Every structure is written in structure tokens, then in C-alpha cells.
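One structure is given below, encoded as C-alpha cells.
The values are calculated or read from the model by the stated rules, or taken from the named source; none is laboratory data. None of the values given here were measured: they were computed from a predicted structure. Quick reminder, even Gly has a Cβ in these numbers, built from the backbone with ideal geometry, and neighbours come from all protein chains shown.
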Number of protein chains: 2
Amino acid sequence: MSLTGAASAPGDLLTFADDLRVVAEDVNACLTSLLPLPQGPEQRVVEAMRYSALDGGKRLRPFLAVASADLFHVPRAHSLRAGAAVEMVHCYSLIHDDLPAMDDDDLRRGRPTCHKAFDEATAILAGDGLLTGAFAVLSDEETHPDGDTRAKLVAALAEAAGAEGMVGGQMLDLLAEDMDMSESEIERLQVLKTGRLLAVSCQVGGILGQADTATLEDLRTYGLCLGAAFQIADDLLDLEATAGDLGKATGKDDAAGKATFVSLHGPERARKRAKTLVDQAVAALSPFGESAELLRAAAAFTVNRQS
Amino acid sequence: MSLTGAASAPGDLLTFADDLRVVAEDVNACLTSLLPLPQGPEQRVVEAMRYSALDGGKRLRPFLAVASADLFHVPRAHSLRAGAAVEMVHCYSLIHDDLPAMDDDDLRRGRPTCHKAFDEATAILAGDGLLTGAFAVLSDEETHPDGDTRAKLVAALAEAAGAEGMVGGQMLDLLAEDMDMSESEIERLQVLKTGRLLAVSCQVGGILGQADTATLEDLRTYGLCLGAAFQIADDLLDLEATAGDLGKATGKDDAAGKATFVSLHGPERARKRAKTLVDQAVAALSPFGESAELLRAAAAFTVNRQS
């Protein structure tokens, strides 16, 4: 793995894929223990929560939380829980985004979406349950012994996920179909919809490690740049891949007339822009020196992944 | 106002209505300041959040939070914020419950429901935004200077609202239409769907006041008994009132074949049961002596209200 910049050789990516898989397995175990089935008939909603939360996703957000917390030697038992909480919020947002009233998607990661596998009402409640559960996890003493730290985790996630963050971004995304958005407006949409949750994934690692404000700001910058690169890579994949590759419907943004950096400037300029963003993400890690190699590899992975 | 038991004379109820209105006005001001409109087009989702959160509700839950916190001389600036957070969760649950995929209601408190006034997608997001916002409020230093107390507030609300509380109750309620439920199952449904949020309204007051475990348990018992009485009163109102009185559709439970204590045992036994529950709620307040008169009046109000 390159210690001086973004990993790019195939060998580095392979190593990173291993690292990512190890964290994914640990996070899956953590999520399973955090979502026990209750005894009554209401266990249906927890079955739906588990269906969507334990679906073989890459777990990039928990990885960022764990890798960021590793910078401060935070016990994995803590950082995995914080990462699982962010992932629960990510999964809730996918369930709600897929609903017929929203993006109306039938397929997600190669499987029926939650409202297809269960029903619409159960899917709405499963999303609500995951969102609420994320805050239960962060406020629990098992996530960190210090109450002030737990409250800071909750505040950071609530800010990133709420109306001034992800919820606002999804609102903008729905409105975008009927709007002529400028490039800066598209960028703002994507920061809100995707970037803020990726950024807070890194921030929770720093919060667990009692990092100072400037350090948290570096992690946030890294996460926002990585998020923007991630979004462009997603749009490129959406343009180029088939549904079979991605396990979800493709070409939908184009069909809905939604502008993206790719549709505005073409794939070549988009690829260059993504590379610049990865460089900026990596630059934000310079204060951490060699200890940030996992985060540097994650930035490279973001734009080099195939799904 | 009676200092020895549940208030019941018309004069007492009038006094209580005044107390309730004073807190409601303060909570409305608090909610308004907690839900500022952002600058971009995504302000639509905050407009929907404000539409549903500032709709002239009685604010019983914030009242319980404030009156419980008053027992411990907690500054109103703190208890109003905690009460507003619980109310945000209550309002989110109403928005999602009213959706076409759930109870499919067009009318709420005499006005079009959120998805009718806006649209389904915006209503889903407005609920998500209110739920997330509640945890942002509780984790903010303005709600309490001590981080441990803030984390406890978050944990209590998340537990009451999540899959083991309100979300589980709503799942059960949806399943109830196709189930033959026993009386104890109906009671459990109502504890989860209504009782837990009313109970946590009281608990947050105690948490703000650094109450010990036994005292928090008394407040919880009071809230659960009050919640059960509240539910029976609601079912009686649903049976007897017209839509004009309540500002929402009536007779829906009956039409959907949902069993309630009222449908199982008739209005007379239901009224007696509600009275017994109010007595139990009041009994749980005995350790607080005269200082709990507002909470005693709230218990009486619960079963004597007309809407």
C-alpha cells in the first residue's frame, strides 16, 4: 500500500479490499447483535430492518469511522458501534429513498428493495426504526464511557442526517427533476445528500478519539472531498454499467433528466475532477502522516471501484 | 385545583386548561426557533415540518415534560426544549401514520394531513427530519450543560420511540387489522404505540432534574397509566364524537375491525377502567406530595377532555 499518496496499483486495491472486508464482517456482526428480534408479532419490522441493514453492502461508512478512530487508538469495540450507527442511518435513507413515493426502485444490491420484500408500511417503519436505533447506539455507554463524547456523537450524526444535511439533500434531489440546476447547485445537492454522511463517518472516529476542533475539521474535509469523488464515480458507474453489474436500476438519472457532473461535462472531465477530489482528500490527511494509510487507500478505492 | 387527588370539578379543569395553554404557547415558540427555514429550495421540507409541528396541538407531551421537570426545579429553558423534542417525535409519528401506505388519513386536527398539504415524498422526509431533529435538540448543550444527562435524554427517547417502543407499536397496529388480538395483546399494543412516548415525556423531566432510578420509575409508571387512560378516552371519543368535533376521521378503528378496550367491553366498563388507570397514575405521584399537582391535574384532564 502506498504510504505517500493515493493507492492506485492493482495490488494496493487488493490489499484495501481485504481491509474493507475485515471491517465489513465485524460491522455485520455488530449490526446483528444491535438488531435482536423481539418476541411479539412486531418482530416483522425488525426483520425488515435486518433485511436492509445486513444486505452485503461494502460498509464504506463504518470503514471510515473505524479507520478514523484508529488514528487515535480508539478500541475497535467502540468505533465499530459508531460505524454501525452511521450505517444504520445510511440503510434507513436507502429504504426511504427507494419507496414508490420517492425514487420508486424495485432493486437494491441485487435484491428486492425493502418495500418489495415486505410492504410499503413496513418499509417506512423499518427506516424509522433504523434511524431511531442509530441514536440509541450512539447514546449507549458501550459506545463510549464519557457522556459528553456520546452527546457529541449524537449531535454530529443528527446534524449530518437532518434537514440541514441528508434529508435536505434528498428534498433537493426530488425537486431537481423539475429544476434547471447550476453546477454549484448540483454540487451542493450532492454534499448534502451524500457528502455529509461520509464526512460524519470520519468525524465520529475523531470524536471517539477526543480529537481537537482543527483535527475534526481535517477529517471532515477529507470526508467531503471523498464524498464528492464517490458521487462522480457513482454517476460514471450509472452511465457505463449495466443493471447486472450494480445490482440496481441504471441510467435512471439520465431518464429523469437529472443533471450530474458527468452529464454536464462528460465522462473524461468527470474522471479528472474525481481524481482532483481524491488528491484533495488525501491532502487533508497530511497532519496524520503515515498512520492515515487506510484512509488514503479508501480515497483511491472510491474512484477505482467497479460497483 | 385539588391537591389531594385527581382534579375533577369543572373549575379545576378550567385552571388546568390555562396551565396547558401557557406551556403550549411556550413550546410553540421553542419549536418555531428550533425549525428555522434554510435558504435553498430544500426549505420545502422544513415548511412541511413546521406545518405539522406547529399545528395547534394540545402539547400534552411537552406539558408532561415541563411539569415533571418542575418537580426538580429545572429551568424552563431546558425543559421546554426537551418537551419540544418529544413533541417533534410525536409529530413525526403522526405524519408517517397518516401516509397512504399506513392509516391513509386526509385530515388531522381539522387540516389536511402533511402528505395532502404537500406530497407523499415531502411528508416522508418531513417525518424523517423531525425525528432526526429531536435528537439534535436533546444532544445540544442548550438543553442541559452536562453531557451525561444529554446522552441519557437521547437514550430514553430513542428507546421509547424505536422498534421496541412506538415503531413496534405501529407495526403491531398495522398487523392488528388481520389478527384476533387478546385483551392483553391490545394493551401491549397501546403501551408500545402511545404509552411509551407519554411515559418518556415524564422521564425526560426527571432526567433533566438528575432524579434517581426509583424516582424515574415512578414517573414512568405515572406516564404509562396516564397513557393507557388516554388511549381508552381516545377510543371513547372516536366512538362517540363526529369528525367535526375531533378534526379527524372517526369510527375508523371500528370500520377496520380493530379491537379496542371499548369495542371489547363497551363504553361503561371502559370509562371505569380509565378512571382506575387515572387513580393508579395519581398514586404513583405520592412521593412528590403537593408539588405534583400539575401532573395530577393532567391525569384528570386526560379522561375528561372533549377532543
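Brief remarks on what is shown
- If you go through the stretch B:89-102 and keep only what is more than 10 Å from chain A (Cβ to nearest Cβ) and within 14 Å of A:ALA121 (Cα to Cα), you end up with B:LEU94, B:ILE95, B:ASP98.
- Residue satisfying all of: in the stretch B:22-42; modelled with pLDDT of 95 or more and of a type in the set (Gly, Ala, Ser); surrounded by the fewest Cβ atoms within 10 Å (Cβ to Cβ) among these: B:SER33
- Every test in (1) part of a loop (DSSP other than H, G, I, E, B); (2) facing chain A (nearest Cβ under 7 Å); (3) over 30 Å from B:ASP212 (Cβ atoms) is passed by B:GLU164 save one, and that test is (3).
- Filter pass, A:THR113 being among the hydroxyl-bearing types (Ser, Thr, Tyr), out of contact with any Leu (no Cβ under 6 Å at 6 or more places or on another chain), more than 9 Å from chain B (Cβ to nearest Cβ) and crowded, with 24+ Cβ neighbours inside 10 Å: yes
- Every residue from the stretch A:65-83 that is of a type in the set (Phe, Trp, Tyr) and in a helix (DSSP H, G or I): none
- Looking across the stretch A:135-161, the residues that are within 21 Å of the chain's Cα centre (by Cα) and either among the polar types (S, T, N, Q) or more than 7 Å from chain B (Cβ to nearest Cβ) (or both) come down to A:VAL137, A:LEU138, A:SER139, A:THR143, A:LYS152, A:LEU153, A:ALA156, A:LEU157, A:ALA160.
- Residues that are surrounded by fewer than 16 Cβ atoms within 10 Å (Cβ to Cβ), in a helix (DSSP H, G or I) and free of Cβ contacts under 8 Å to residues at least 60 places away in the same chain within the stretch B:175-184 comprise just one, B:SER184.
- Residue check for B:ALA298: modelled with pLDDT of 95 or more, assigned to a helix (DSSP H, G or I) and within 29 Å of B:ASP105 (Cα to Cα): yes
- Residues satisfying the stated conditions in the stretch A:29-39, i.e. touching a Lys or Arg at 6+ places or on another chain (Cβ under 7 Å) and at the interface with chain B (Cβ under 10 Å from one of its Cβ atoms): A:LEU35
- Some residue of the stretch A:208-229 being closer than 23 Å to B:GLU159 by Cα, assigned to a helix (DSSP H, G or I) and either modelled with pLDDT of 95 or more or not charged (D, E, K, R) (or both): yes
- Any hit, the stretch A:125-136, residues being over 30 Å from A:ALA211 (Cβ atoms), of a type in the set (A, V, I, L, M) and at pLDDT 95 or above: yes
- Of the criteria (1) more than 9 Å from chain B (Cβ to nearest Cβ); (2) crowded, with 21+ Cβ neighbours inside 10 Å; (3) in a helix (DSSP H, G or I), which one A:LEU172 fails: (1)
- Within the stretch A:281-307, being of a type outside the set (D, E, K, R) and closer than 13 Å to A:PHE230 by Cβ holds for A:ALA281, A:ALA298, A:ALA299, A:ALA300, A:PHE301, A:THR302, A:VAL303, A:ASN304, A:SER307.
- Meets criteria (surrounded by 17 or more Cβ atoms within 10 Å (Cβ to Cβ), in contact with a helix residue (DSSP H, G or I) (Cβ under 7 Å, 6 or more places away or on another chain), at the interface with chain B (Cβ under 8 Å from one of its Cβ atoms) and not in a helix (DSSP H, G or I)) for A:ASP105: no
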